[in-house]
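Presented below is the structure to which this report refers.
The values are calculated or read from the model by the stated rules, or taken from the named source; none is laboratory data. From a predicted model like this one, the values you see are computed outputs, not experimental measurements. Note that we place each Cβ from the backbone using ideal geometry, even for glycine, and neighbour counts take in every protein chain shown. Heavy atoms of the whole protein, side chains included, go into the accessibility calculation; ligands, DNA and RNA do not. Shrake-Rupley method; radii C 1.70, N 1.55, O 1.52, S 1.80 Å.
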Amino acid sequence: MAIERTFSMIKPDATRRNLTGAIVAKLEAAGLRVIAQKRIWLSLKQAQQFYAVHAARPFYGELCEFMSSAPVVVQVLEGENAILKNREVMGATNPANADAGTIRKEFALSIGENSVHGSDGPDTAKDEIKFFFSDLEIVG
Ligand code: RTP
Ligand code: MG
């Protein structure tokens, strides 16, 4: 098994409800280590840039408005198979389809306001970490 790094974000619906610690506890219980973390407020432009891959999707406008509506917590997670492991602990995009015990099953409000983001592969993990963090901010 490989030690990997992945990018994670606690979304506005979760920071609003003061769920940052509860979500971090689930990540840590899954064997993921938080090696960088900061709370920031995305501008609409930053949200549009971050989710540019979804620009053609019908929910893009709503998604970017939501992501810039309150603070988020951005993180770098490290662990064995961290990318897949984080996707597993997050659960399905739509909380109605998420497995019991996952973050989205427990906390998400809807398919849009679904509490967390996680990179979906090695290339996006690298790009997304770089989007938010300098090397100096990541302490493995
Ligand atoms: P994420 O990128 O945030 O980790 O989520 P994901 O891979 O599970 O889902 P993705 O297909 O990449 O969609 C990105 C985010 O867009 C919002 N969304 N809304 N209203 C809708 O039908 C809809 N579909 C997706 C969600 O916030 C989703 O996480
Ligand atoms: Mg995605």
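Going by the conditions given, is V89 within 23 Å of I138 (Cα to Cα), open to solvent by less than 50 Å² (accessible area, probe 1.4 Å) and away from ligand 1 (no atom under 14 Å from the Cβ)?
Considered against the rule, which asks whether it is within 23 Å of I138 (Cα to Cα), open to solvent by less than 50 Å² (accessible area, probe 1.4 Å) and away from ligand 1 (no atom under 14 Å from the Cβ), V89 comes out as no.
Name the residues in segment 103-140 that are within 11 Å of ligand 1 (Cβ to nearest atom), of a type outside the set (A, V, I, L, M, F, W, C) and not in a helix (DSSP H, G or I), would you?
S110, G112, E113, N114, S115, H117, G118, S119, D120, G121
Would you confirm, using the coordinates I've provided, whether A25 is at pLDDT 95 or above, outside any helix (DSSP H, G or I) and small (G, A, S)?
No; evaluated as a whole, the condition is false for this residue.
Pairs only if they're at least six apart or on different chains, beta carbon under 8 angstrom, first in segment 1-25 and basic (K, R), second part of a helix (DSSP H, G or I); list them, first residue then second.
R5/A82; R5/A125; R5/I129; K11/F66; K11/M67; R17/F107
Here's a check for you: in segment 73-96, which residue that is in a helix (DSSP H, G or I) and either among the hydroxyl-bearing types (S, T, Y) or farther than 17 Å from D120 by Cβ (or both) is farthest from the chain's Cα centre (by Cα)?
Across segment 73-96, the extreme among qualifying residues is A96.
Go through (1) under 22 Å from G121 (Cα atoms); (2) in contact (Cβ under 8 Å) with a residue 40 or more places away in the chain; (3) away from ligand 1 (no atom under 12 Å from the Cβ); (4) not in a helix (DSSP H, G or I) for A70 and report which single condition fails.
Going through the list (1) under 22 Å from G121 (Cα atoms); (2) in contact (Cβ under 8 Å) with a residue 40 or more places away in the chain; (3) away from ligand 1 (no atom under 12 Å from the Cβ); (4) not in a helix (DSSP H, G or I), A70 breaks only (1).
Could you count how many residues in segment 1-44 are in contact with a Ser or Thr (Cβ under 7 Å, 6 or more places away or on another chain) and of a type in the set (F, W, Y)?
Number of matching residues: 1.
Out of segment 97-125, which residues are more than 19 Å from V72 (Cβ to Cβ), touching a residue at least 12 places away in the same chain (Cβ under 8 Å) and surrounded by fewer than 16 Cβ atoms within 10 Å (Cβ to Cβ)?
Result: G121, P122.
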